[in-house]
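Note sheet for the following structure.
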Amino acid sequence: MKILVLHGPNLNLLGQREPDTYGTQTLAGINLGLQTVAAELGVELEFLQSNHEGVLIDALHARFASVAGVVINPAGLTHTSVALRDALLGVSLPFVEVHLSNVHAREPFRRHSHLSDVARGVVCGFGPMSYELGLRGLVEGLRRP
């Protein structure tokens, strides 16, 4: 089983960007932790980070036939991108939305997600562990009949 892990805009700056909000873990460190969890679960991961909405959408279109599901941190696109929502619905892949911070405890505009209502699940507020919990939940759900 292969899972696509998509990281949205500005996540390439993790470790430097607003450490009080996002922590000090780098994106490479998060991916490494996910690789450890994937090995434990017996799944393969493919990673992509982009600061461009269209690149994320193109990745979904190009890979939907070769992956079983998606773990996505849409970052700022969470609150703005109907196009990303439509792409996720269009490829009909189960996905989990993850966020490092608790978006519900932040600015009011961050409390709305264009993806949450169509996601298999949402995990937020646990820092890098949000990704790990999201991956575990997605894989468990895919393995259930």
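Return yes when residue 32 is crowded, with 18+ Cβ neighbours inside 10 Å and either among the aliphatic types (A, V, I, L, M) or under 24 Å from residue 136 (Cβ atoms) (or both) and no when it is not.
No; evaluated as a whole, the condition is false for this residue.
All but one of (1) surrounded by fewer than 17 Cβ atoms within 10 Å (Cβ to Cβ); (2) over 24 Å from residue 144 (Cβ atoms); (3) without any contact (Cβ under 8 Å) to a residue 24 or more places away in the chain hold for residue 65; state the number of the condition that does not hold.
Unmet condition: (2).
Residues are listed down the side, and each one gets a yes or a no for (1) touching a helix residue (DSSP H, G or I) at 6+ places or on another chain (Cβ under 8 Å); (2) surrounded by 17 or more Cβ atoms within 10 Å (Cβ to Cβ); (3) within 18 Å of residue 83 (Cα to Cα); (4) in contact (Cβ under 8 Å) with a residue 40 or more places away in the chain:
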| position | (1), (2), (3), (4) |
| --- | --- |
| 8 | yes, yes, yes, yes |
| 16 | no, no, no, no |
| 44 | yes, no, no, yes |
| 52 | no, no, yes, yes |
| 58 | no, no, yes, no |
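Would you mind telling me which numbered condition in (1) closer than 21 Å to residue 17 by Cβ; (2) of a type outside the set (Lys, Arg); (3) in a helix (DSSP H, G or I); (4) touching a residue at least 40 places away in the same chain (Cβ under 8 Å) residue 71 fails?
The one condition residue 71 does not meet is (3).
For residue 96, state whether it is over 14 Å from the mean Cα position of the chain (by Cα), of a type outside the set (Phe, Trp, Tyr) and within 19 Å of residue 11 (Cβ to Cβ). First the steps, then the outcome.
Values: over 14 Å from the mean Cα position of the chain (by Cα): no; of a type outside the set (Phe, Trp, Tyr): yes; within 19 Å of residue 11 (Cβ to Cβ): yes.
Against the criterion (over 14 Å from the mean Cα position of the chain (by Cα), of a type outside the set (Phe, Trp, Tyr) and within 19 Å of residue 11 (Cβ to Cβ)), residue 96 does not qualify.
Is it true that some residue in the range 4-14 is touching a strand residue (DSSP E or B) at 6+ places or on another chain (Cβ under 6 Å), under 22 Å from residue 128 (Cβ atoms), assigned to a helix (DSSP H, G or I) and hydrophobic (A, V, I, L, M, F, W, C)?
Checking the range 4-14: at least one residue is touching a strand residue (DSSP E or B) at 6+ places or on another chain (Cβ under 6 Å), under 22 Å from residue 128 (Cβ atoms), assigned to a helix (DSSP H, G or I) and hydrophobic (A, V, I, L, M, F, W, C).
Residue 110 is checked against (1) buried (at least 16 other Cβ atoms within 10 Å of the Cβ); (2) modelled with pLDDT under 95; (3) not in a helix (DSSP H, G or I) and fails just one. What number does that condition carry?
Here residue 110 meets the rest and fails (3).
Suppose we filter the range 64-77 for residues that are over 22 Å from residue 130 (Cβ atoms) and either modelled with pLDDT under 95 or not polar (S, T, N, Q) (or both); how many remain? Full working, then the answer.
Start the filter on the range 64-77 by keeping residues that are over 22 Å from residue 130 (Cβ atoms), which leaves 64-66.
Within this subset, residues satisfying the condition of being either modelled with pLDDT under 95 or not polar (S, T, N, Q) (or both) are 64-65.
Qualifying residue count for the region: 2.
The values are calculated or read from the model by the stated rules, or taken from the named source; none is laboratory data. These figures come from a predicted structure and were not determined experimentally. When we count neighbours, we look across all protein chains shown, and the Cβ atoms used for this are built from the backbone with ideal geometry, even at glycine.
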